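Data block below; observations after.
The values are calculated or read from the model by the stated rules, or taken from the named source; none is laboratory data. Nothing here was measured: the structure is a model prediction, and the numbers come from that model. Don't worry about glycine lacking a Cβ; one is built from the backbone with ideal geometry, like all the others, and counts go over all protein chains shown. Protein only, heavy atoms only, side chains kept; ligands, DNA and RNA dropped before computing areas. Shrake-Rupley method; radii C 1.70, N 1.55, O 1.52, S 1.80 Å.
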Amino acid sequence: MYSVIHISNRSPHRLPVSLRFLACSALFFLSVKIAFGQPPRVYRDRVEPHWFSDGQKFWYQVSTGPDQNAFILVDANTGMRLPAFDHQQVAERLSKLLTREIPASRLPVQDLEFPDDNSVLLKGPDGTFRLNVVSGELKQEAGIAKESDARLFLPVRPSRSGGSDTEIVVTNATDAPIRLLWINTGGQRQSYGNIEPGQTRRQHTFSGHCWLLAFENNEPIGCLQATDTPAEIVINADTAGSVIRRGPRNGQGRRPQADVGRSLSPDESLKAFVRDNNLWIESVASNASERQEQGTPDQKALTTDATSEMTFQLDRSRERLVGMAYDREDGSEHEADVRWSPDSGYLIALQTQRVMERRVHYIESSPADGLQPQLRSYPYLKPGDAVPVSWPRLFRRNDDGQFVEIEIERDLFANPWQLQFLRFDESDHCYWLYNERGHQTLRVLELTLSTGRIRTVVDEHSDTFIHYSSSGKFELHWLSDGRLIWASERTGWNHLYLYDVASGTVRNAITTGDWNVRRIEKIDEQNGVIWFYAVGTHPGQDPYHEHFCRVNLDGSGFAVLTDGDGTHQIDWSPDRTFFLDRYSRVDLPPVTELRSADGALVCRLEEADASETIAFRGGLPERFVAKGRDGKTDIWGIIHRPRNFDANKQYPVIENIYAGPHDHHVPKAFRSSWGHQHSIADEGAIVVQIDGMGTAWRSKAFHDVCFRNLKDAGFPDRIAWMTAAAAKYPEMDVSRVGIYGGSAGGQNAMAALLWFGDFYDVAVADCGCHDNRMDKIWWNEQWMGYPVGEHYAASSNMEHADQLQGHLMLIVGELDRNVDPASTTQVVGRLIRAGKDFDYVYVVGAGHGAGETPWASARRLRFFTEHLAMETSP
């Protein structure tokens with residue numbers, strides 16, 4: 001037996017011709033059209049407050065139905081929520097003034113002003129109108145129409161995925177049609193027709209999506225990016241002149257030059273640079289006489305022992321995590337990565353031991369700029385590789401202007417993964433963050449400048465791993481009075497601690513309990529208060545729900561300021577006297593409340609209307625909780641049923657898995673669309689998503705299951721959960737179980753058939769990290785540890801490919817730069833040698849996530865329908 005290979009050119013027109021497959025493809029493309037065209041809408045789900053200057057009142061515009069809106073005025077002191085004006089009365093009087101029929105629910109109003117207690121200014125594309133709220137009189141004001149509240153920019157950039165439902169509102173105030181084009185995540189343009197002169201288009205979209213406005217000859221006017229709140233713009237003769245011309249963003253195009261200025265001393269008399277790999281300084285005094293008076297030579301070498309292998313260079317700490325090196329020819333000069341003390345009396349430079357750079361090579365078979373294949377490569381460190389190591393060197397500037405080197409103790413940072421400069425204090429010290437290779441030791445170190453001595457301020461250890469790479473798990477905040485705030489899981493839960501820097505001791509725990517601090521929102525040092533989000537604070541709720549909290553720095557006054565059963569996001573009033581609390585669940589459309597700063601409910605503002613979505617889907621996803629492998633721990637997940645669900649039928653169960661230990665992955669907030677989960681369910685399956693042990697944001701013990709054990713992926717918990725769900729819901733047929741995922745989820749999906757093939761029958765693994773020795777260094781050493789040992793091979797899909805049971809499809813993109821594509825092809829080789837039957841889908845021209853391209857997604861769907869005996873819904 002041997003592998004069946006399917007190769008795609010990403011074109012939907014070259015597919016195997018079978019009625020079944022064409023039906024699957026048609027369903028997929030219909031789902032795409034629904035997702036990005038005009039799907040069922042959710043109304044009353046967004047509140048964008050416009051606060052009055054006194055901070056006591058605000059108004060907002062809310063979507064109440066298809067192309068329908070209302071304006072609401074809220075008095076935060078009294079909790080009074082009322083229409084901002086009589087909508088029907090305004091509609092009648094605007095109809096007369098503008099000589100056209102205007103419904104009360106579709107007023108041509110985009111902005112309001114309240115100049116006094118008796119008047120409201122209504123602003124829109126037709127001009128500004130003054131309404132007397134006492135008499136009801138409506139008059140048009142002299143002046144221009146309301147200015148746009150959105151801004152256009154060029155050049156065009158791709159859309160970002162993963163945003164929430166929103167809309168853009170475009171009014172064409174020119175005398176020519178305007179084209180509206182959606183820019184997809186790959187940068188391609190898709191036409192959404194024309195906006196004729198005088199028309200307003202309300203276009204549903206998702207936050208982060210980009211839309212191009214252009215004239216009929218395709219000359220671009222500008223690009224508009226959707227935000228969480230509707231973006232409105234009027235296109236007129238002045239619009240093109242206000243287009244923002246943006247350069248490359250950080251991480252795209254040119255490298256930002258933020259670090260260059262550090263080479264100049266604070267007193268601006270000296271500048272550090274590198275020549276022939278060594279550190280030099282030069283005087284920047286304005287003339288030779290000044291330099292002579294200062295007793296400083298024009299240029300002086302501070303080191304003579306550097307080499308091309310042990311050199312001074314720009315700080316590349318971020319890039320080095322993916323293996324980038326900084327090549328310099330001997331004899332060249334460049335800026336030095338140095339830190340000067342505030343008084344310019346000390347200079348610290350990082351000297352880096354360079355290593356041979358690993359590169360991943362691949363063939364781009366079909367380049368856009370020619371016929372012949374191209375060999376490509378990129379830097380990519382893998383677990384166990386040598387990494388560049390940087391050491392600080394310290395120089396003191398004496399009174400005579402000469403520099404002497406002070407030896408620095410190295411015992412406390414002997415094996416750095418990262419050594420990061422933090423700050424100078426106002427005396428004789430500076431501070432560094434030391435992350436030891438293997439991520440089991442994390443220290444804040446104090447360097448005494450006058451002596452070179454190193455002292456530990458914070459010394460964090462773990463027998464498994466320190467989750468340094470997650471915001472919230474790593475918190476380090478300096479206070480002005482010699483204290484710092486630090487996050488730690490030392491009690492088994494993620495909490496905040498107040499340290500005394502001078503003594504290196506904990507003053508007090510700021511937060512405590514069997515729950516986790518999720519992230520800090522604000523630190524008010526003056527009043528000694530921290531506001532933050534936390535998970536697990538409500539025993540009766542989903543432990544992943546984020547709630548908003550406050551606590552005093554001394555650990556007193558802890559309070560949870562939100563209450564609703566859902567995951568929360570807050571928005572403060574300008575003076576932080578009130579906040580808007582928006583919460584939701586996958587089975588609860590958003591609810592928005594107004595609360596005072598102490599968490600007291602002022603009034604409920606909106607309850608979202610998702611009736612269109614519910615009618616279209618036949619329901620919302622269902623939350624389900626069951627005990628895990630230990631029979632005690634709650635495991636949380638969600639169930640997606642087909643649109644035309646029939647409780648009298650039995651459906652195969654398909655798990656969408658992603659068990660990356662860096663987070664939890666089952667969505668908690670409401671969504672109006674679910675993409676591949678629903679397109680697969682609608683073909684005749686029940687799709688589930690589960691967070692098993694080994695993922696983050698429960699207890700440390702829950703998380704530590706993944707340590708040196710990524711093959712586990714929480715499977716014993718997942719199986720227990722599905723078994724319990726099937727016992728409650730007989731429509732779930734757990735004798736037919738499929739699984740699919742991408743990246744770490746691709747590793748998980750194949751692992752299901754290697755170690756749990758008695759439960760899982762079919763797996764589709766996209767762009768999987770099938771052997772943790774083949775993937776990026778920082779992610780894998782974080783969970784699998786350092787040095788690389790036998791435990792890496794024990795979790796390898798490649799090493800255990802001969803254990804395969806069931807039906808497997810492997811998908812990989814030719815141009816994947818996230819996970820080395822060879823991780824998949826090595827598995828293919830092992831499966832062939834083991835005589836296993838499987839499908840191999842190689843997507844030409846695709847990168848990471850190739851399994852979500854239309855062709856590969858349709859192949860995945862066909863694979864499930866064939867091997868799980870799915871019955872397509874009508």
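Limited to the range 680-703, what total is found for residues that are part of a helix (DSSP H, G or I) and either more than 14 Å from Arg629 (Cβ to Cβ) or touching a helix residue (DSSP H, G or I) at 6+ places or on another chain (Cβ under 8 Å) (or both)?
Going through the range 680-703, the residues part of a helix (DSSP H, G or I) turn out to be 680-681, 700-703.
So of that shortlist, the ones also either more than 14 Å from Arg629 (Cβ to Cβ) or touching a helix residue (DSSP H, G or I) at 6+ places or on another chain (Cβ under 8 Å) (or both) come out as 680-681, 700, 703.
Count: 4.
Which residue out of Trp531, Trp486 is open to solvent by 20 Å² or more (accessible area, probe 1.4 Å), under 26 Å from the mean Cα position of the chain (by Cα) and either at negative phi or among the aliphatic types (A, V, I, L, M) (or both)? I'd like the intermediate steps shown before the answer.
Working: Trp486 fails: open to solvent by 20 Å² or more (accessible area, probe 1.4 Å).
Exactly one residue qualifies, and that residue is Trp531.
Name the strands (runs of 3 or more DSSP E) wholly within the range 555-605 that hold at least 3 residues that are closer than 20 Å to Trp697 by Cβ and open to solvent by less than 40 Å² (accessible area, probe 1.4 Å)? Walk me through it before giving the result.
Numbers: elements: 567-572, 578-585, 588-596.
Answer list for the range 555-605: 567-572, 578-585.
Going through the range 320-361 one residue at a time, which ones are acidic (Asp, Glu) and modelled with pLDDT of 90 or more? Let's see the steps before the verdict.
Taking the range 320-361 and keeping what is acidic (Asp, Glu), we get 327, 329-330, 333, 335, 337, 343, 357.
Residue satisfying the conditions is Asp343 alone.
Considering each residue of the range 534-545, count those that are open to solvent by less than 30 Å² (accessible area, probe 1.4 Å) and either within 14 Å of His477 (Cβ to Cβ) or of a type outside the set (S, T, N, Q) (or both), and give that number.
7
State yes or no: is Gly186 surrounded by fewer than 17 Cβ atoms within 10 Å (Cβ to Cβ), of a type in the set (Gly, Ala, Ser) and not in a strand (DSSP E or B)? Don't jump to the end; show me each part of the working.
Values: surrounded by fewer than 17 Cβ atoms within 10 Å (Cβ to Cβ): yes; of a type in the set (Gly, Ala, Ser): yes; not in a strand (DSSP E or B): yes.
Yes.
Residues in the range 466-483 that are under 23 Å from the mean Cα position of the chain (by Cα) and either assigned to a loop (DSSP other than H, G, I, E, B) or of a type outside the set (Phe, Trp, Tyr) (or both): how many?
Going through the range 466-483, the residues under 23 Å from the mean Cα position of the chain (by Cα) turn out to be 466-477.
Checking the rest, the ones that are also either assigned to a loop (DSSP other than H, G, I, E, B) or of a type outside the set (Phe, Trp, Tyr) (or both) come to 466-473, 475-477.
Residues in the range 466-483 being under 23 Å from the mean Cα position of the chain (by Cα) and either assigned to a loop (DSSP other than H, G, I, E, B) or of a type outside the set (Phe, Trp, Tyr) (or both): 11 in total.
What number of residues within the range 752-802 satisfy the criterion of being β-branched (Val, Ile, Thr) and assigned to a loop (DSSP other than H, G, I, E, B)?
Filtering the range 752-802 down to residues β-branched (Val, Ile, Thr) leaves 762, 764, 777, 788.
Next, only the ones that are assigned to a loop (DSSP other than H, G, I, E, B) stay: 788.
Matching residues across the range 752-802 total 1.
Only residues that are under 18 Å from Ala713 (Cα atoms) and among the acidic types (Asp, Glu): list them for the range 791-819, please.
Hit for the range 791-819 is Glu799, nothing else.
Could you list, in sequence order, the residues of the range 366-395 that are open to solvent by 30 Å² or more (accessible area, probe 1.4 Å) and in a loop (DSSP other than H, G, I, E, B)?
Residues satisfying the conditions are Ser366, Ala368, Asp369, Gly370, Leu371, Gln372, Pro373, Gly384, Ala386.
When only residues in the range 348-365 that are assigned to a loop (DSSP other than H, G, I, E, B) and basic (Lys, Arg) count, which is farthest from Ser265 (Cα to Cα)?
Step one: list which residues in the range 348-365 are assigned to a loop (DSSP other than H, G, I, E, B), which gives 354-358, 365.
Now restrict to residues that are basic (Lys, Arg): 354, 358.
Working: Arg354: 27, Arg358: 36 Å.
Residue satisfying both the conditions and the ranking: Arg358.
Answer yes if at least one residue in the range 48-70 is aliphatic (A, V, I, L, M), open to solvent by less than 30 Å² (accessible area, probe 1.4 Å), at pLDDT 95 or above and in a loop (DSSP other than H, G, I, E, B), and no otherwise.
Start the filter on the range 48-70 by keeping residues that are aliphatic (A, V, I, L, M), which leaves 62, 70.
Then keep just the ones that are open to solvent by less than 30 Å² (accessible area, probe 1.4 Å); that gives 62, 70.
Restricting the remaining residues to those that are at pLDDT 95 or above gives 62, 70.
So of that shortlist, the ones also in a loop (DSSP other than H, G, I, E, B) come out as none.
No, the range 48-70 contains no residue that is aliphatic (A, V, I, L, M), open to solvent by less than 30 Å² (accessible area, probe 1.4 Å), at pLDDT 95 or above and in a loop (DSSP other than H, G, I, E, B).
Within the range 455-465, can you find the residues that are open to solvent by less than 20 Å² (accessible area, probe 1.4 Å) and part of a strand (DSSP E or B)?
The answer is Val457, Val458, Glu460.
Among the numbered criteria (1) at pLDDT 95 or above; (2) assigned to a loop (DSSP other than H, G, I, E, B), which one does Ala869 miss?
Exception for Ala869: condition (1).
Mind listing just one residue for me: the one in the range 699-726 that is touching a strand residue (DSSP E or B) at 6+ places or on another chain (Cβ under 8 Å) and closer than 28 Å to Arg773 by Cβ and, of those, surrounded by the fewest Cβ atoms within 10 Å (Cβ to Cβ)? Step through it out loud before you land on a result.
At the first step, the residues of the range 699-726 found to be touching a strand residue (DSSP E or B) at 6+ places or on another chain (Cβ under 8 Å) are 714, 717-718, 720-726.
Those still in the list that are closer than 28 Å to Arg773 by Cβ too: 714, 717-718.
Numbers: Gly714: 25, Asp717: 27, Arg718: 30.
Only one residue fits best here, namely Gly714.
Can you report the number of residues in the range 606-619 which are open to solvent by less than 50 Å² (accessible area, probe 1.4 Å) and within 16 Å of Tyr729 (Cβ to Cβ)?
From the range 606-619, those open to solvent by less than 50 Å² (accessible area, probe 1.4 Å) are 606, 608, 610, 613, 617, 619; that's our starting set.
Subsequent filtering for residues that are within 16 Å of Tyr729 (Cβ to Cβ) retains 619.
The number of residues fulfilling the criteria is 1.
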